[in-house]
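One structure is given below, encoded as structure tokens.
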Amino acid sequence: MALGVFGLTIGLALGGVVLLGALRFVLQRNVDTEAFRTADAVALLAAEDALPDPLPVAGGQVRVQVIDAQGRVRAASIDADRLVPMARPEWLDTGHRQRLDVPAERVGLRGPVRVVAVPAGTSADPLTVLVARSMADVRQSTHVVRTILLVAFPLLVVVLAGVAWRVVGATLRPVEALRRGAEEITGRAGAGRLPVPASADEIHRLAVTLNGMLGRLESARARQRAFVSDAAHELRSPLANIRTELEVAQRLADRTDWTAVTGNLLADTERLSRLVDDLLLLARLDEMPASRGTGPVDLAALLSEVAARYPSPPVRVEPSPGPLWTAGNEAELRRVLANLVDNAVRHAQSSVVLAVEPHETAYHLVTVTDDGPGIAAADRGRVFDRFTRLDDGRGRDHGGAGLGLAIVWELVRRAGGTITLADADGPHGLRVRLLLPATPAGGEPPPTVARP
């Protein structure tokens, strides 16, 4: 604020100096113009050899003389000296128009005095017309303006500083409120919102935007806390099992069935390894931007490849009309299908059916259908959340850690598709519907369309 007032003061001071200079220049030019006009009129009379005596002039602050080459006064106005020229001959440049500043006592006017010289007469008898005008009015005018500026300038600076202080203060008050709100939120390290000013201006929009950002950050922090808590709980369970097995085996010593112990330890270690791998994959997916894959993938062949991992009869693949291509990362799509089939096999009673078919023009539809107990409609949205297990799947021996469908959701989103859950055609069961963008074999993916 002080810097702004200082700059304003400097600007006004420079403006006052320029104003005084411009005023003096204009007034001086008017004096010169009037003096030259009078001198030109007298020069015309001299050229016609019709100089009156005395020379006629208008105004009491004007003196006129006509002098010859020797500096003698040939004619003069009624108040001008008839013996001593107003400008010495050596000051004059014969044959040229001039402007001179001469002492006031030499002319008999109030100083300062401006004298203009205009050549006149003939080449045989050269003359010079001298016209003197007092500059007292010019000096008085500039003095008055200077006095007004010196008096008004401090008052103007004070008034403008006060107005600037009020205006800038009123403008920055919402910003200060935002700063205090941000400081309070930072100090308590909790949820909070910044005050939103009532004015519909840039500060209002900034506060709304910042509050939206704070809301998203708080949601992300809540999800992170929940994720860390669930991850810690899931990691603690296999570690506790491993420790229990080892402590019991240590107590029993020779009576320990080490074959059974190593089998249990291996199962818990594998479960722990899968959980760590899933957590690392989700962490990488959170950091990596969503992007389409690099190559065409045959969904029909990929379904057959995944189904071949389950030699038992429950997994069956419906025939497809031919190769159906999508643009994506083959490893990620294989992980999606493997997770879906694992989940279906875990809950199916007798069969799991895999199928793929074209869907409209921009997508291929992949379905994984089982005849298990299904999922209630109210729970179908939250099963894709991380560490979510429904009540009938919470047994550690049958259910996973609740990360499989979360991984499927993230990978499908990265592939530009959608995934939904629906009822199977039979009296019970679940059908997973996976829509993936269609593309010609070896070609580019089609233009992005709205997700169904």
Two-site label geometry, Asp277 and Asp425: point separation in nm, points 7 Å out along Cα→Cβ: 3.5 nm
Gyration tensor over alpha-carbon atoms, the range 80-129, equivalent ellipsoid semi-axes in Å: 21, 12, 8
Helix-only CD estimate at 222 nm, as mean residue ellipticity for the chain, using -39500 (n - 2.57) per DSSP H run (n ≥ 4): -17500 deg cm²/dmol
Between 0 and 90°, nearest 10: helix 202-252 axis offset from the chain longest Cα axis: 30 degrees
Additional length obtainable on full extension of the chain from Glu318 to Ser219, 0.36 nm per residue less Cα span: 31.4 nm
Highest to lowest packing among 344-354, 39-49, scored as the average C-beta count within 10 Å: 344-354, 39-49
Estimated dipole of the chain in Debye, rounded to 20 [Cβ of Lys and Arg +1, of Asp and Glu -1, Cα centre]: 1560 debye
Charge sum, other residues only, whose C-beta stays under 12 Å from Ala41's C-beta, Lys/Arg counted +1 and Asp/Glu -1: -2
Gain upon complete extension [Arg97, Arg180; 0.36 nm per residue less C-alpha separation]: 22.5 nm
Cα-based helix-to-principal-axis angle, 136-188 vs the chain, degrees rounded to 10: 10 degrees
Sequence of Ser273, Ser134 when ordered by accessible area, the most exposed leading, probe 1.4 angstrom: Ser273, Ser134
Gain upon complete extension [Leu8, Glu305; 0.36 nm per residue less C-alpha separation]: 99.1 nm
Label-reachable residues, the range 66-91, where backbone N falls under 17 Å from a point 7 Å from Thr122's Cα toward its Cβ: 68-69
Heavy-atom accessible area order for His364, His204, His96, largest first, 1.4 Å probe: His96, His204, His364
Under 5 Å, built H, 5+ apart or other chain: amide partners of Ala355: Glu318, Thr367
Sites Thr33 and Val157, calculated FRET efficiency, Cβ-Cβ separation with R0 51 Å, nearest 0.05: 0.90
In nm, spacing of pseudo-spin labels at Thr147 and Ala377 (7 Å Cα→C-beta vector): 9.4 nm
Label corresponding to Rg and Dmax of the Cα atoms in Å when calculated from the structure given, among (1) 22.7, 72; (2) 50.5, 152; (3) 23.8, 86: (2)
Volume of the Cα convex hull of the range 241-384, divided per residue and given in Å³: 180 Å³
Between 0 and 90°, nearest 10: helix 258-287 axis offset from the chain longest Cα axis: 30 degrees
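The values are calculated or read from the model by the stated rules, or taken from the named source; none is laboratory data. In this text, all values refer to a predicted model and were calculated from it rather than measured experimentally. Here Cβ is always computed from backbone atoms with ideal geometry, including for glycine, and neighbour counts include all displayed protein chains. Please note that ligands, DNA and RNA were not included when accessible areas were found on the heavy atoms of the full protein model with its side chains. Shrake-Rupley method; radii C 1.70, N 1.55, O 1.52, S 1.80 Å.
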